[in-house]
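Worksheet for the structure shown next.
No value in this document is a laboratory result; all are computed from the given coordinates. The structure presented is a predicted model; accordingly, all values stated were derived computationally and were not measured. Cβ atoms come from the backbone with ideal geometry, glycine included; neighbour counts cover every protein chain shown.
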Amino acid sequence: MDLKTSIEYDLEKERQFDYSVLDKDQMIEHIAQFVSGLWQIHPFCEGNTRTTAIFTIKYLRSQGFKINNELFERHSWYFRNSLVRANYRNIPNKVNYEPKFLINFFRNLLLEESNVLKNRYMLIDFPN
């Protein structure tokens with residue numbers, strides 16, 4: 001029951017969200033947050049990340065974006081790990097949520113940017 005309530009809440013909140021007041025950066029951040037939140041609910045027991053990717057593609061297409069699954073296919077591991085990093089927090093080890101990787105993924109997908117999508121950059125102590 002909690003799962004259904006959580007999904008309904010997130011979908012209704014998204015349905016009422018007004019994208020027209022956002023610039024492109026804010027739009028990407030919002031989409032990343034929405035998809036990250038949906039993935040975190042974990043509504044799809046088996047294949048949650050794959051199903052989240054398919055939902056995301058279909059949802060974005062329904063909103064007028066012209067996208068395919070190529071980026072998800074080529075960077076499926078990165079997409080999954082970026083969802084983890086966007087939702088992972090470990091206060092004793094001073095690790096906070098980090099959505100920038102997921103944002104980079106969506107910037108490539110929706111704005112056709114060329115951000116480097118490497119899993120190793122998501123390591124907690126990766127040298128910059």
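Each Lys or Arg adds one and each Asp or Glu subtracts one; over the other residues with Cβ under 13 Å from the Cβ of Leu83, this totals +3.
Over all other residues within a Cβ to Cβ distance under 14 Å of Leu123, the charged ones net out to +2, with Lys and Arg as +1 and Asp and Glu as -1. Pairs of Lys residues in the chain are counted when their Cα atoms are under 29 angstrom apart and they lie 8 or more places apart or on different chains; the count is 18. Think of it as helices only: each DSSP H run of n ≥ 4 in the chain is worth -39500 (n - 2.57), and spread over all residues that comes to -18500 deg cm²/dmol at 222 nm. For mean projected area of the Cα convex hull in nm², the value computed from the atomic coordinates appears in the list (1) 7.1; (2) 8.9; (3) 8.2 under label (2).
Relative contact order of segment 33-93, taken over Cα pairs closer than 8 Å and 6 or more residues apart, is 33 percent.
In this structure, the amide hydrogen of Val95, modeled 1.01 Å from its nitrogen in the peptide plane, lies closer than 5 angstrom to those of Asn90, counting only residues at least 5 positions away or on a different chain. Shape class of segment 1-42 from the Cα gyration tensor (axes a ≥ b ≥ c, square roots of the eigenvalues): oblate, since a/c reaches 1.5 or more and a/b does not exceed b/c. Across the chain, the relative contact order, built from alpha-carbon pairs under 8 Å that are at least six residues apart, equals 21 percent.
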